Amino acid sequence: MANKKGFNSTVLHSDREGKPEHGVLHKPIHPSVAFAYEDARELAEVFQNKRKGFAYGRQNNPTIEALSQKVTKLEEGMASVVFGTGMAAIGSTLLALLRQGDHIVSSAFLFGNTNSLFSTFQELGIEVSFVDATDVKHVEAAIKDNTRLVFVETIANPVTQVADLVAIGDLCEARNLVYFVDNTMTSPWLFKPVTAKASLITNSLTKTIGGHGNALGGSVTDTGLYDWTTYPNIYDNYKNLDPAQWGITQIRKKGLRDFGASLAPEAAHHISVGSDTLSLRLDKACANAMAIAEFCARHPSVRKVFYPGLPDHPQHARAKQLFRHFGVLLSIELDDKVDCFDFLNRLELVVSSSHLGDNRTLGIPVAHTIYFEMGAERRASMGIADSMIRLSVGIEDTEDLLADFEQALAV
Ligand SMILES: *Cc1c(COP(=O)(O)O)cnc(C)c1O
């Protein structure tokens, strides 16, 4: 397919690019761990990065490679590596690229496990500055001589802050820093981080891209914008390659290969099939999220609603300018007279569950669960009240969802 197709045509037909195996429409699930070569010299050339091919299932296989290419197309990047989970993608990539004594600047508004991971990095001698990334000036003020990378999420969990994505991209370009954007909350259907000059993009494929809560996975995409010849931590082994490949090769070898958090081929198949309907699901789920946000904003039993689609959200204008829709995640703070556990129990359609980006609407009391380990002080600094409920909105019929909220809030 020569000319550039739209998002849906691209995602739907990506498995047929090249020569389809046996003419099948879905890329087959290849469970083989090992790959046989008729000519032993070819095997050696694959190991030496002189020839494309598969060496061992931990690093790649044809099913995994097909999903990697699909993700690369969705993100309009240069190349991707997929991992067993989103956390594996973030952790393995950063450990592949950073060394003791390096410094990174990270948004303070982070997915809880990413926050926990970064505190482990601090124990290992990698400095992390947590800043309010909704304004580029906080990021700029934190940059030091040993800063290698800036990490942000597009829409943060659970308070839905929107990072100053474009200005941070300009800053990273000017200061020659790797700009690593977690696009999970928006996905490439709502936002393309490459348009904000991201160097690396991560997606938890477990969330909206897979979309059905039946497979874990994560990805890292190199957009091709960062010049890896200027990056101090590239190992000499990879410098015989085309410089465009240095970063992604180091991530694949030092990250995926050495830490070994590989994606299972069966999971890759589930994620790939799920991704076929990404735009359809998100259009519906984001419309539902908007309707619930507006309903809750008017309801006297709800004290606060956090959703970038509402005009009083601090970064509403930015979200409107950058994102196709405002996402599937919203959080509400209930009035004191409503107990958050009782409220969740009264909801009939909405399931009490920690997941995000499912087809079903899910709700969770965040201070008591996913942000419990963080402690009251850090929660307060992130604006997380004890009564806060995070909702991940699904694709149910809008009127059924609104009726469910109406009855559960009527006390
Ligand atoms: C879920 C999530 C992750 C981690 O993904 P897993 O696949 O669950 O490991 C990372 N970042 C964000 C923003 C997430 O929501």
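Under 30 Å Cα-Cα from Lys144, which lysines qualify once same-chain neighbours fewer than 8 residues away are excluded?
Counting by Cα, and skipping residues close in sequence, Lys144 has these lysines nearby: Lys192, Lys197, Lys239, Lys253, Lys254.
Suppose we keep just the DSSP beta bridges with both residues in the chain; what percent of those would be antiparallel, to 5?
Roughly 55 percent of the beta bridges in the chain run antiparallel, per DSSP.
For the stretch 121-230, what is the Kirkwood hydrodynamic radius in Å, using each pair of distinct C-alpha atoms? Write down the numbers at each step before the final one.
On the way: mean 1/r = 0.0683 Å⁻¹.
Computed over Cα pairs of the stretch 121-230, the Kirkwood hydrodynamic radius comes out at 14.7 Å.
Cα axis of helix 265-275 to longest principal axis of the chain: angle in degrees, 0 to 90, nearest 10?
50 degrees
Calculate the tail of P(r) for the stretch 98-143: the fraction of all Cα-Cα distances greater than 17 Å, expressed in %.
In whole percent, the long-distance tail amounts to 32.
Calculate the radius of gyration of the Cα atoms of the stretch 180-301 to one decimal place, then report Dmax, the largest Cα-Cα distance, as a whole number, both in Å.
Over the stretch 180-301's Cα set, Rg and Dmax evaluate to 18.3, 64 Å.
Compute the angle between helix 278-298 and the longest alpha-carbon principal axis of the chain, please, reported from 0 to 90 degrees and rounded to the nearest 10.
Helix 278-298 and the main axis of the chain meet at about 20 degrees.
For the stretch 164-218, just the Cα set please: Rg and Dmax, both in angstrom.
That works out to 12.7, 41 Å for Rg and Dmax.
From the C-alpha coordinates alone, can you work out the Kirkwood hydrodynamic radius of the chain, in Å?
Result for the chain, one decimal place: 22.1 Å.
Per-residue counts of other Cβ atoms within 10 Å, averaged by peptide: what ranking do you get for 368-381, 157-170, 389-402, highest first?
Put in order of decreasing packing, that is 157-170, 389-402, 368-381.
If every alpha-carbon in the stretch 2-56 counts as one equal scatterer, what log10 I(q)/I(0) does Debye give at q = 0.28 1/Å?
Computed log10 I(q)/I(0) values: -1.05.
At q = 0.12, 0.13, 0.17, 0.18 Å⁻¹, what log₁₀ I(q)/I(0) does a Debye calculation on the Cα points of the stretch 278-408 give, no solvent, two decimals?
-0.43, -0.51, -0.89, -1.00
Where does the charge balance sit around Phe118 when Lys and Arg score +1, Asp and Glu -1, over other residues with C-beta under 15 Å from its C-beta? Before the final figure, lay out the partial values.
On the way: positive: Arg148, Arg378; negative: Asp102, Glu123, Glu127, Glu153, Asp182, Glu373.
Within the 15 Å Cβ shell, the charges total -4.
By how many degrees, 0 to 90 and rounded to 10, does the Cα axis of helix 398-409 deviate from the longest principal axis of the chain?
50 degrees
Inverting the mean 1/r over all pairs of different Cα atoms, compute the Kirkwood radius of the stretch 304-349 and quote it in Å.
12.4 Å
Values quoted throughout were computed directly from the atomic coordinates according to the rules given, and no laboratory measurement underlies them. Small disclaimer: the values here were computed from a predicted structure and weren't measured. Methodologically, a virtual Cβ is constructed for each residue, glycine included, from the backbone with ideal geometry; neighbour enumeration extends over all protein chains shown.
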